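The values are calculated or read from the model by the stated rules, or taken from the named source; none is laboratory data. No experiment lies behind these values; they were computed from the predicted model shown. Virtual Cβ from ideal backbone geometry, glycine too; neighbours counted across all protein chains shown. Note: areas computed on protein heavy atoms with side chains; ligands, DNA, RNA excluded. Shrake-Rupley method; radii C 1.70, N 1.55, O 1.52, S 1.80 Å.
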Amino acid sequence: MKKLLLLGLMTLGISVLSACTLGTGNDGDRSITIYSERHYESDQNLFDQFEEETGVSVNVVKASADELITRLEQEGSDTEADLLLIADAGRLGRAKDMNLLQAVESALLEERIPEIYRDIDDTWFGLTKRARVIVYHPDRVSESDLSTYEALGDPVWENRVVIRSSTNIYNQSMIASMLAIHEEAYVRDFVSSLVGNFARSPEGNDRDQAKAVMAGLADVAILNTYYMGKMAYSSDPFEVEVAEALRVFFPNQETTGTHVNVSAIGLTKHAKNVDDAILLMEYLAGEEAQGVFANANYEYPVNENVEAHELLSSWGDFVAQDLSLTQLGVYANEAAILMDEEGWE
Amino acid sequence: MRLRQHLHSFSIVSIIVFVLVLVVFLQLFAGFTGEASDAWIHIKEYLLFDYIKNSFFLVLFTALFSAVFGFVGAYLVTFYEFPFRKFFGWAMILPLAVPSYIAAYIYGDMFSYTGIVSRLLRGIGIVSQIDVMSLFGASMIFALTLYPYVFMTVRSSLNKQSNEIYESARLLKVSKSKIWRKILLPLSRPALVAGVLLVVLETLNDYGVVKYFNVRVFSFAIFDAWFRLGDVGAAIRLSGVMLIFVFVIVVIERVLRRNKVYYTLQGRKRLRKALSTKAKVFGYMALGFPLMFGFIIPVIYLSYYSLLTYSKTLDMELLYVTVNTLSISVVATLITLFIALFVANLDRFTTSKFFKRMINFITLGYAIPGAVLAVLVSLFFIGMDRDLVPLYQLFGVDKTLVLTRSLAMLSFAYILRFLTLAFNNIESTYQKIGPSYTEASYTLGQGKLKTLWSVDVPMLKDGLIFAFVIVFIDVVKELPLTLILRPTNYDTMATKVYQYASDEMIHEASLPSLLLVSVGVIMIYLITHRKLKKRVK
Amino acid sequence: MMYLEVKDIDFSFKDETILKEASFSMKKGEIVALLGPSGSGKSTFLRVLTGLAHISRGQLFIHDEEITKLPPEKRHIGMVFQDYALFPHMSVKQNIMFGIEHLKKDDRYLQLHKMLKLTNLTDKCHKYPHQLSGGEAQRVALARSLAASPDLLLLDEPFSNLDTELKAGIRLELKEILSSLDTTCLFVTHDIEDARAIADSVYTIENYKIKKIENANM
């Protein structure tokens, strides 16, 4: 008797548990679901404001980019997602190749976002920019010592360079951008000479590279501009110290330009609420939202009419790679394989 | 004919579990039959050897360190008397409440340039930095947070050994070192090996530590292939290789453990020896070091940064996440215990070779690393959902993925993974009790289920509670499985911590981490002090 | 057929043959002792009768009904284990009533009191097993099995755990209890005196068969 009761309770429990996902439907009112990699409070404020202005509520699902893409793929036409917002054009290229996105025709988006920061097939649209720069300690390196990424492969930089793992997408995209511009042999040469100059086997994240320079383990590091921003405004006074001591250098100003990447948004292939989703895309690219949106993560707004954060402005203007970022997706796999082959861990 | 007597609730439940485990396993082969992708060929040529090499050394170092921490601690606490012995007796288990990945984030931060250790060193003039984010550092972290498994198994084994063995050896004028070599170590070997195996399996299962420290081992590779390269086929092949690796380890363990010795506790209470002052110093260091670095320092760090960042992290979402974690952990653990009870009962009384082999197979589940299990379980569920679409449509449900990405799927994976842990604990408790009570009940005309409920369960109570706590803590800490299989927008405390760490917000990760650790501490305190209470009676 | 009929059974335990083509029978109300040194397989024969161990060949009958394929809980064969196996979390009263829960409340209590009186345990009925002496524990185990009115009662080395001085008295007590209920009983012992004191006939296991070696001499 008691046993059956227990058994019954259990089956009830399990069905309730599994029912949890059955129940996640949209509300009756207009609402859209965005799969986003970002976790900023300011984003939520923007979405709230968007809802006020348009009446469309925004449901945010947060996870890492790779996870979001895999989910989208698994979910297929069952997905709840209308929008995908992730960092790195290479990843978006992958999502596009996996048929997870669909093209969007929007005059507003075309107006607000420069062409190279939009997918050539209109499946994704960059919203914020970041540059991959050289960071150095002024006591040991002077600005005149620096010029290009490639120069860091020279013998003079032996044991003085740090950068994070090749498995990280930012490095992959950087190499992909070089493959889009140069011959493969050229890039291979660069990678192998760069690896030869590593002060240590890659470990840690971008900020750890800056800290390694600070510690004297290395003299230069390659990392994304927004990490310098995060450290400068960190609640940890020691990170602030690091940010204040180190300097930012934009490489390749005389040659191909500094590598720039974007965080971008795309409309999912099986989006249920296409029109409202496009509204949000246009909103985020608009002048009202761009400042807040980019500043949350110390990135450059993609909308040329909006000014960047004061810290970023203080580093000055720079010449970016004149490269359509769609290419980052095209050369992504090749870049990953090349890095593995040349021993970049 | 013979079949009828073999089909009862215990065997039916066990057979169902067996079939499920088997089917999940078979997904492995489904993946292998596909054509080898470019990514796989690439991995095989450039990376596979490194994965194997690194996994091997990681396991080796971790096994060594954890064996030393656990064994020495257990030995001191069992055979000697010294101030705070009782305290150490239960406190040495506390590091189990600290997930390895949290310890990794903490020490990674502390030893980073801006971390407290480096700053202190710079303060006294030492400029060079200690680099913990290496394979060696990772194995140290695993050893510090997982040695309690060794401590517990060795201590329980040493407790069973009577004093008389050692006393007679000493009367025979056998030297101390010979006693160690010829008596103590051999008798403790099965327990030592069993404990180290648990540590090794947990190490191979981990994803958080190795990802953060960039240690290229199998779990890292599987995640990488699946998510970064988007190649499920490669992920499956890597899982296959990893399973072979794990299988070899398990076989080695079974061989090393082959002399299973049963000893009974002789009635007398153990007389502990006192320690000389010199020995006391050594003893406190040997006990204090792992406890300090495995638990105390992490907790201090977490408390400090929680205070610093709680205004940012103490919000409703944290509350939801905590409730989510606790509720699913309780349900999954209870179901796991329930099933383990049934399988253990089949194991107790069956003489059938078929059933014995079947149970052996089921208990291999623990060895399957979380990442691999996640791959196999999700493939299994997706396939099942696709097949069940007609049924769903019958109920008017338009979706394909009903079970996939549900809490049911996540619970299913938890159960498969932790069934063995519960089973082992219950089985050993049953062994302590012996079969006669259950058999007496049968001869009094009570059926199997009634006996289980009225006779076995009350007698197993302590063992059941212990098993519950051990499994519960593991489920709460669990990361790789949960990361991959969780429903959309569903976070556990563990995934929340991982997310903060991935966003490089280590300090903000402190409050959820502290909560996670607290759950473990409370559970550990409850069982160790419940035990103590009983012993006094 | 006799009350208990064991026909041509083969039985092995851990790859060792214990019984081969063995047969055995008992009359209703008979008390039989199975004699032999410790570890000669006698206890395992009891387990075969209860159904806790399986035979590879042969048949078992009680009261003309075949019980070969029945599980222990369906056989109505009671057993007092060597270590008594009293449920430690239940009182004497609860232990004794454990096997008769299917009876109506009144009948249950009637049976309980009958057993308590018979085994002289009335004043101990609220005690717990760990509070009892060895002799008392045995009586509870006996009462527990007898309460269920088994067709056959088996006792595994009932005297081995007791002090010699108590033994004589207990042997007498046991015989009286069994006689008063007309219980058919088979017990296993390694002591011929114990066997002679209580049993109507004494058997042993020889050449894988069960042989009678003497009839009781009062």
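Observations on the model:
- Listed by position, the helices (runs of 4 or more DSSP H) contained in region B:104-198 that have at least 3 residues being out of contact with any strand residue (DSSP E or B) (no Cβ under 7 Å at 6 or more places or on another chain), within 23 Å of residue B:254 (Cα to Cα) and open to solvent by less than 60 Å² (accessible area, probe 1.4 Å) are B:135-160.
- Residues that are buried (at least 22 other Cβ atoms within 10 Å of the Cβ), more than 14 Å from chain A (Cβ to nearest Cβ), in contact (Cβ under 8 Å) with a residue 24 or more places away in the chain and touching an Asp or Glu at 6+ places or on another chain (Cβ under 8 Å) do not occur anywhere in region B:61-73.
- Checking each residue in region A:144-164 for being part of a loop (DSSP other than H, G, I, E, B) and at negative phi picks out A:146, A:147, A:148, A:149, A:154, A:158, A:160, A:163, A:164.
- Output for region B:43-53, where each listed residue is open to solvent by 20 Å² or more (accessible area, probe 1.4 Å), within 11 Å of chain A (Cβ to nearest Cβ) and assigned to a helix (DSSP H, G or I): B:45, B:46, B:50
- Meets criteria (among the aromatic types (Phe, Trp, Tyr) and open to solvent by 10 Å² or more (accessible area, probe 1.4 Å)) for residue C:45: no
- All of C:79, C:97, C:115 fail the test of being part of a helix (DSSP H, G or I), within 17 Å of the chain's Cα centre (by Cα) and within 14 Å of another protein chain (Cβ to nearest Cβ), apart from C:115.
- Scan of region A:246-270 for residues that are open to solvent by 20 Å² or more (accessible area, probe 1.4 Å) and either more than 14 Å from chain B (Cβ to nearest Cβ) or at pLDDT 95 or above (or both), ordered by number: A:247, A:248, A:249, A:253, A:254, A:255, A:256, A:269
- Inside region A:47-84, residues that are closer than 17 Å to residue A:31 by Cβ and either small (Gly, Ala, Ser) or more than 19 Å from the chain's Cα centre (by Cα) (or both) make up a count of 17.
- Restricting attention to region B:318-340, the residues that are open to solvent by 70 Å² or more (accessible area, probe 1.4 Å) and either within 14 Å of chain A (Cβ to nearest Cβ) or within 18 Å of residue B:411 (Cα to Cα) (or both) total 3.
- Residues of region A:33-71 satisfying the condition of being of a type in the set (Ser, Thr, Tyr), more than 8 Å from chain B (Cβ to nearest Cβ) and open to solvent by 20 Å² or more (accessible area, probe 1.4 Å): A:40, A:42, A:54, A:57
- Qualifying residue in region C:128-144 (condition: within 8 Å of another protein chain (Cβ to nearest Cβ) and in contact with a helix residue (DSSP H, G or I) (Cβ under 6 Å, 6 or more places away or on another chain)): yes
- Test: residue in region B:341-354 that is within 13 Å of chain A (Cβ to nearest Cβ) and either surrounded by fewer than 14 Cβ atoms within 10 Å (Cβ to Cβ) or acidic (Asp, Glu) (or both): no
- Failed item in (1) open to solvent by 40 Å² or more (accessible area, probe 1.4 Å); (2) under 30 Å from residue B:449 (Cα atoms), with residue B:315 passing the rest: (2)
- When region A:57-103 is filtered for residues that are without any contact (Cβ under 8 Å) to a residue 40 or more places away in the chain and assigned to a strand (DSSP E or B), the ones remaining, listed by number, are A:57, A:59, A:60, A:61, A:62.
- Check on residue C:80, β-branched (Val, Ile, Thr) and in contact with a strand residue (DSSP E or B) (Cβ under 8 Å, 6 or more places away or on another chain): yes
- All positions within region C:48-70 that are open to solvent by less than 40 Å² (accessible area, probe 1.4 Å) and not hydroxyl-bearing (Ser, Thr, Tyr): C:48, C:49, C:51, C:52, C:53, C:55, C:58, C:60, C:61, C:62, C:67
- Note on region A:123-150: residues that are acidic (Asp, Glu) and open to solvent by less than 40 Å² (accessible area, probe 1.4 Å) total 1.
- In the set (1) touching a helix residue (DSSP H, G or I) at 6+ places or on another chain (Cβ under 8 Å); (2) at pLDDT 90 or above; (3) within 14 Å of chain C (Cβ to nearest Cβ), the condition left unmet by residue B:458 is number (1).
- Failed condition for residue A:228, given (1) touching an Asp or Glu at 6+ places or on another chain (Cβ under 8 Å); (2) crowded, with 23+ Cβ neighbours inside 10 Å: (1)
- Residue ID - farthest from the chain's Cα centre (by Cα), chosen from residues in region A:189-225 that are buried (at least 22 other Cβ atoms within 10 Å of the Cβ) and basic (Lys, Arg): A:211
- Check on residue B:445, open to solvent by 20 Å² or more (accessible area, probe 1.4 Å), in contact with an Asp or Glu (Cβ under 6 Å, 6 or more places away or on another chain) and either within 30 Å of residue C:52 (Cβ to Cβ) or in a helix (DSSP H, G or I) (or both): yes
- Residue count for region B:187-214 satisfying the condition of being under 19 Å from residue A:64 (Cβ atoms) and either out of contact with any Pro (no Cβ under 9 Å at 6 or more places or on another chain) or not polar (S, T, N, Q) (or both): 8.
- Check on residue B:496, in contact (Cβ under 8 Å) with a residue 12 or more places away in the chain and either farther than 19 Å from residue B:105 by Cα or not polar (S, T, N, Q) (or both): yes
- The number of residues in region B:424-436 being over 19 Å from residue B:337 (Cα atoms) and open to solvent by 50 Å² or more (accessible area, probe 1.4 Å) comes to 1.
- Every condition in (1) of a type outside the set (S, T, N, Q); (2) within 12 Å of chain A (Cβ to nearest Cβ); (3) buried (at least 20 other Cβ atoms within 10 Å of the Cβ) holds for residue B:365 except the one numbered (2).
- Summed over region B:485-518, residues that are assigned to a helix (DSSP H, G or I) and either on the phi > 0 side of the Ramachandran plot or open to solvent by less than 10 Å² (accessible area, probe 1.4 Å) (or both) total 12.
- When A:274, A:240, A:292 are checked against the criterion of being without any contact (Cβ under 8 Å) to a residue 24 or more places away in the chain, surrounded by fewer than 21 Cβ atoms within 10 Å (Cβ to Cβ) and aliphatic (A, V, I, L, M), A:240 stands alone in meeting it.
- Flag set for residue C:27, criterion: in contact with a Leu (Cβ under 9 Å, 6 or more places away or on another chain) and either of a type in the set (Lys, Arg) or surrounded by fewer than 16 Cβ atoms within 10 Å (Cβ to Cβ) (or both).
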